[in-house]
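What follows is a short report on a single structure.
The values are calculated or read from the model by the stated rules, or taken from the named source; none is laboratory data. A quick note: this is a predicted structure, and the numbers were derived from the prediction, not measured. As a convention, Cβ positions derive from the backbone with ideal geometry for all residues, glycine included, and neighbour counts pool all protein chains shown. Keep in mind that these areas ignore ligands, DNA and RNA; they rest on the heavy atoms of the full protein, side chains included. Shrake-Rupley method; radii C 1.70, N 1.55, O 1.52, S 1.80 Å.
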Amino acid sequence: MTVPETVSIALAGAAAVLLYTARKRRSAAASNKPRGGHLISSLVAGDERAKKFVVDGYADIQVVEGKVASDEELRHVAGQLDQLVTSTTSACLLCRLDGELAGYLWYVCSTACPFGPGCYSFQDKPYLWVHTVYTSPRFRRRGVAAALYAELDAVARRQHAPEIWLDVYSTNPGSVALHRGLGYAPVTTIYCKCCDADADWPPA
């Protein structure tokens, strides 16, 4: 999924969206030190169980953001994961805890402006865009997201990407608190309203 496609999906809805950047990030370990036992790996071709975990997690995220992912959208996500495993700059990080899949973080590398129309200036250097991050409910508050973001910091250093960007719905206060705790800071808020009384809202 390209950044414009990602943004078009992420910004659909009436809730305000906060765009965060880790331009001045501190180490994830400084505020949310990952606990031992987290095994981080990347999604590989043929791992259908892990791919289903990611697709199901994506669907759960949509519910938290006030949306319901259609079957077509979920098939599209699965197809994008199939392409992702061949990328050298983007990946889906998996976290296993107690031998089970506990969470994932899907990131892409880009140089395009991560928000707004062409009137915004475009990036002149590569950055990592967090497509989605997810922790299975039974593993929450066990350092899964912190472990995934610690690995993402290492990826950014290896790829010489000076910034990490992501968006957070204001309807997801847990995610807002998580990212602030990891050193991310909001850079803008995008608002949306429906002007067609007959239109379904929020849009599917």
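Please compute P(r) over all alpha-carbon pairs of the range 66-105, binned at 5 Å starting from zero, and give each bin as a whole-number percent.
6, 18, 17, 21, 22, 13, 2
I'd like the projected area of the range 49-204, averaged over all directions, using the convex hull of its alpha carbons. Report it in nm² with one decimal.
Projected area, direction-averaged: 10.7 nm².
Using the heavy atoms of the protein chains and a 1.4 angstrom probe, tell me the accessible area per residue for the range 131-170 in square angstrom.
Counting only protein heavy atoms, the per-residue value for the range 131-170 is 42 Å².
At 1.4 Å probe size, what's the solvent-accessible area of THR111? Round to the nearest 10 Å².
Only protein atoms counted, so the area is about 80 Å².
Quote the Stokes-Einstein diffusion coefficient, in whole µm² s⁻¹, for the range 155-195, based on the Kirkwood radius over alpha carbon pairs, a temperature of 25 °C and a viscosity of 0.890 mPa s.
The diffusion coefficient I find is 200 µm²/s.
In bins 10 Å wide, starting from 0, what share of all Cα pairs of the range 36-118 does each bin hold, as a percent?
Reading upward from the zero bin: 16, 43, 35, 7, 0.
Less than 16 Å apart at the alpha-carbon level, and either on another chain or at least 8 residues along: which aspartates and glutamates does that give for LYS52?
Excluding near neighbours in sequence, the set is ASP60, ASP71, GLU72, GLU73, ASP82, GLU100.
For the pair THR88 and ARG158, how long in nm is the line joining their label points, each one 7 Å along Cα→Cβ?
Calculated label separation equals 1.3 nm.
Compute the distance from the alpha-carbon center of the range 51-118 to that of the range 154-190, in whole Å.
16 Å
Once a ≥ b ≥ c are taken as the square roots of the eigenvalues of the Cα gyration tensor of the range 108-193, is the result rounded (a/c under 1.5), prolate (a/b larger than b/c) or oblate (a/b not larger than b/c)?
oblate
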